[in-house]
Amino acid sequence: MTGASEGYNATLTSSESDFFKLLSGRWTMHILVALYSAGTGCRFRDILDVVPGLSNRMLSSRLADLETDGMVTRKVLATRPVSITYELTMRGREVSDVLTRLRGIAGT
């Protein structure tokens, strides 16, 4: 092959493969877009409200995965009752920027 594909290697590293696997998980992109749209601290219930069809169990699982992968931070606020909010990390915001641009392309 020649031209634009010359020198291109489509083989993914292990970390790249893990990253794409995380993003391809059901609801993951919806959750990232919801957090991105919220801007700052977003409560669990707020995410459920803007992502129709997402269950408590699935949201909890996906947030844990995103937190483990460094895309979301979980903050426990010292209020009564205790409040927990979720925010995108810098890495999560970078990924969400790309997802937002893809949404724009899909909408045209």
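The numbers here are math on the coordinates, done by the rules we state, and not lab data. Please read these numbers as outputs of a predicted model, since none were measured by experiment. All Cβ positions, glycine included, derive from the backbone under ideal geometry; neighbour counts span all protein chains shown.
Give me the helices (runs of 4 or more DSSP H) completely within the range 1-93, filtered to those with at least 3 residues that are in contact (Cβ under 8 Å) with a residue 40 or more places away in the chain, ordered by residue number.
Result: 14-23, 28-38.
Taking Val50 and the conditions (1) β-branched (Val, Ile, Thr); (2) farther than 17 Å from Arg103 by Cβ; (3) over 10 Å from the mean Cα position of the chain (by Cα), which numbered condition does it fall short on, given that it satisfies the others?
With respect to (1) β-branched (Val, Ile, Thr); (2) farther than 17 Å from Arg103 by Cβ; (3) over 10 Å from the mean Cα position of the chain (by Cα), Val50 is out only on (2).
Would you mind telling me which numbered condition in (1) farther than 21 Å from Asp18 by Cβ; (2) touching a Lys or Arg at 6+ places or on another chain (Cβ under 8 Å) Gly70 fails?
So the condition that Gly70 fails would be (1).
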